[in-house]
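Undergrad: The structure that follows is given in the form of structure tokens.
The values are calculated or read from the model by the stated rules, or taken from the named source; none is laboratory data. It should be emphasised that the depicted structure is a prediction, and the values quoted were computed from it without experimental measurement. Cβ: placed from backbone, ideal geometry, glycine included. Neighbour counts: every protein chain shown.
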Amino acid sequence: MRPISPLPIPVKKALKKLGDDIHDARRRRRITMALMAERASISRTTLTKVEKGEASVALGIYASVLFVLGMNERLSDLADVRFDETGLMLDEENLPDRIRQPVKKPRGSR
């Protein structure tokens, strides 16, 4: 297995929280690890890694687990432009000061 580059601490914390939340959601639904792993088509070992928030697990596996829990709808909103405050702010800064009417060319000219 290849080593994974060090992650920023906020990313590690976010993955840990995601893993904890998945663990809690599975338990609230009273789904065993064996059944959850089977439904997500992964091994129990991989499910354990997901619930620990390990970065070595592929995003697709996290998505499959969220699908089994019925929580995948928010996955598509992670990088949605509506929630990209920085991008929207930068976009706003680049708005033109004024907008000009396009110059109309007389008919027949090229």
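Undergrad: I'm trying to understand the selection: among the residues of segment 74-110, which are β-branched (V, I, T), part of a loop (DSSP other than H, G, I, E, B) and under 41 Å from the mean Cα position of the chain (by Cα)?
TA: Within segment 74-110, just I99 meets the criteria.
Undergrad: Looking only at segment 53-110, which residues are of a type in the set (A, V, I, L, M) and over 28 Å from I22 (Cα atoms)?
TA: L88, M89, L90, L95, I99, V103 - these are the residues of segment 53-110 that are of a type in the set (A, V, I, L, M) and over 28 Å from I22 (Cα atoms).
Undergrad: Has segment 16-39 got at least one residue that is out of contact with any Phe, Trp or Tyr (no Cβ under 9 Å at 6 or more places or on another chain), part of a loop (DSSP other than H, G, I, E, B), basic (K, R) and at positive phi?
TA: yes
Undergrad: Would you please list the contacts, defined by Cβ atoms under 6 Å and residues six or more apart or on different chains, that run from a residue in segment 2-22 that is under 19 Å from V50 (Cβ atoms) to a residue that is of a type in the set (K, R) and at pLDDT 95 or above?
TA: Close Cβ pairs (under 6 Å, with a partner that is of a type in the set (K, R) and at pLDDT 95 or above) amount to G19/K52.
Undergrad: May I pose another question? Can you say whether A14 is among the hydrophobic types (A, V, I, L, M, F, W, C), loosely packed, with under 15 Cβ neighbours inside 10 Å, more than 16 Å from V68 (Cβ to Cβ) and modelled with pLDDT of 95 or more, as far as the supplied structure shows?
TA: yes
Undergrad: Still on this structure: Enumerate the pairs (first residue in segment 57-77 and within 14 Å of I42 (Cα to Cα) and without any contact (Cβ under 8 Å) to a residue 24 or more places away in the chain; second residue anywhere and assigned to a helix (DSSP H, G or I) and hydroxyl-bearing (S, T, Y)) with beta-carbon separation below 9 Å, excluding pairs fewer than 6 apart on the same chain, so at least 6 apart or on different chains.
TA: Within 9 Å, the pairs are V57/T46; I61/T46.
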